[in-house]
Amino acid sequence: MPMDNWLSTTWAPNWRSLQYFNLYRLVVAGLFLLAFLFPQTLTAHLNLFPTPVNLLLTGGYLFAVLAGLLLSIHWQQHFNMQLSSQVLADIVVINLIMFNSGGIGSDLAVLLLISLAAASLVGRGRLVLFYAALATLAVLAVQVYGILTGRFDGSSIVQPGLISAGFFATAILARLLGQRAMIHENLARRRGIALDNQIRISQNIVERMQDGVLIVDAAGRIVRHNPVARAMLGLADDEAQALPAPLAAGLGQWANGGPENALCTGFADRRLFARFEHTASTDREQLIFLEDLDRIQERAQQMKLASLGRLTASIAHEIRNPLSAISHAGELLREERRSEVIDRLLRILNDNVRRLDRIVADVLLLGRQNRGQPEMIALDRFCPTFIGDFTAAESLTPGVVVWQASSGAALYFDPNHLHQILWNLVSNALRYSSGGPGAVRLEAVAVADAGRVELHVIDDGPGVPDEIREQIFEPFFTTYHTGSGLGLYIARELCAANGGSLSIGANAPGGHFIMTGRNDTCPPPEANAAHAKN
């Protein structure tokens, strides 16, 4: 593409340069006026005489320059027209003053060279050659007219020719310099825009990353961070701050040749995995990437459950039909005359059929965790009724499972879900308890912050070993040989569906599970999220 065509598509009027050009012309007009009003020996060779015509020309020129300056500031339209009118004013006024001051010999033509050079830098394209042609014609016309009228020496005709050549040379050189300046300016502008866009994109990516990002200076202070890191570490928004001690220790070990990854466990409610990297910054800044291990484990757990759910649901449906046939066949065999060995084998068969049926039911329940229909439940009425039903169903001696009076505690929960959760928790507690009076206790405790109630299930057994506490809520994890490993997992999911939670407490001294729920009807955000997921 030719350079002029390329410039025509990328060039934009430079009003600030035009304003500087007008300021220069204002200074020239002021000097003309001072030279006319206060003639001195320094300007005597220019033949600037304070004649009425010269004063009138200077005053008009000063007015035209002021008008051009104001237009370039307050009416930034028709750039070429404004520039051309100002250059034309320079050519007319300087040539008329030069005619009154002795023609080309007054050396005032040099001012036209400066104006043409400035106009060539400010303007664009072949228009600058038009300015040089106008200046050449004007100078030649003034000098020829002066020679014909006898005011100038005839031999002075050579000087306008030389100065005219200077006009074109100045215009062409200034035009080339202006084009090159515009090319570089446009390139710098485009690169600046591209860099700004890249910075914005990078900033958006960093801000929306699921991992925390920290930029740390050489002194170990945090200078920038993304919202995830701010939430992880509880950082302030803007001000630089010291790196938390666990991260500072990991960074120090890495700087001394240690591993680039560190597990930081010095935070109250989470475990963070930190990765350190160098940057190319001249300020020797370092990058720290933070990952929440609990979130990673939860995400892996969800993926695992999604796969297991699809697999086990399809298998469970296929197992249930032949399982029913086996159970029916066992019932028919029980009606026949048989020996003691056959009776024992039938009992084994029926026990395992019931166990398989329970496992299948639990597996199918994983995919049918419908939204609950919560209502206010008075625990003083619900829990004793539940204990009576459980005692009767399990053929227990009354008093094995006891209720600690809660003085009017209420829970906003789905009754069916609460019944299923308590059945799983009390069954587990009873399995590992002594089985004596008061072996399993149900207690309700009001939480310090308003709107929450804790329901505790405590047994007098050996408690949960420390090595399996983190696995106790994982699906299909069990220490009981006939268990499905789904009871506690389903109980926790049902708690979450009702806006509550299920956790394991410290051995007291036996097993201790804590179910937390609301005692008001305002659904929290986490409950909505659980419902949407289900």
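Under the rule of at least 5 residues apart or a separate chain, name every residue whose amide H is placed under 5 Å from the amide H of Gly463.
Correct list: Gly511.
How much solvent-accessible surface does Cys495 expose, in Å² to the nearest 10, with a 1.4 Å probe and all protein chains in place?
Approximately 0 Å² for this residue.
Residues with amide H under 5 Å of Arg452's amide H, sequence separation 5 or more or different chain, H placed in the peptide plane at 1.01 Å from N; which?
Result for Arg452 returns Val447, Asn519.
Using a 1.4 Å probe, how large is the accessible area of Tyr412, given in Å² and rounded to the nearest 10?
Per-residue accessible area (Tyr412): approximately 40 Å².
In whole angstrom, how far apart do the alpha carbon centroids of the range 200-241 and the range 371-403 sit?
Each part reduced to its Cα centre gives a spacing of 50 Å.
How charged is the neighbourhood of Asp217? Take every other residue with its Cβ under 9 Å from the Cβ of Asp217, and add Lys/Arg as +1 and Asp/Glu as -1.
0
The values are calculated or read from the model by the stated rules, or taken from the named source; none is laboratory data. The structure displayed is predicted, hence computed values, not measured ones. Positions of Cβ are backbone-derived with ideal geometry, glycine not excepted, and every protein chain shown enters the neighbour counts. Each accessible area value is taken on the protein alone, full model and side chains, heavy atoms only, with ligands, DNA and RNA left out. Shrake-Rupley method; radii C 1.70, N 1.55, O 1.52, S 1.80 Å.
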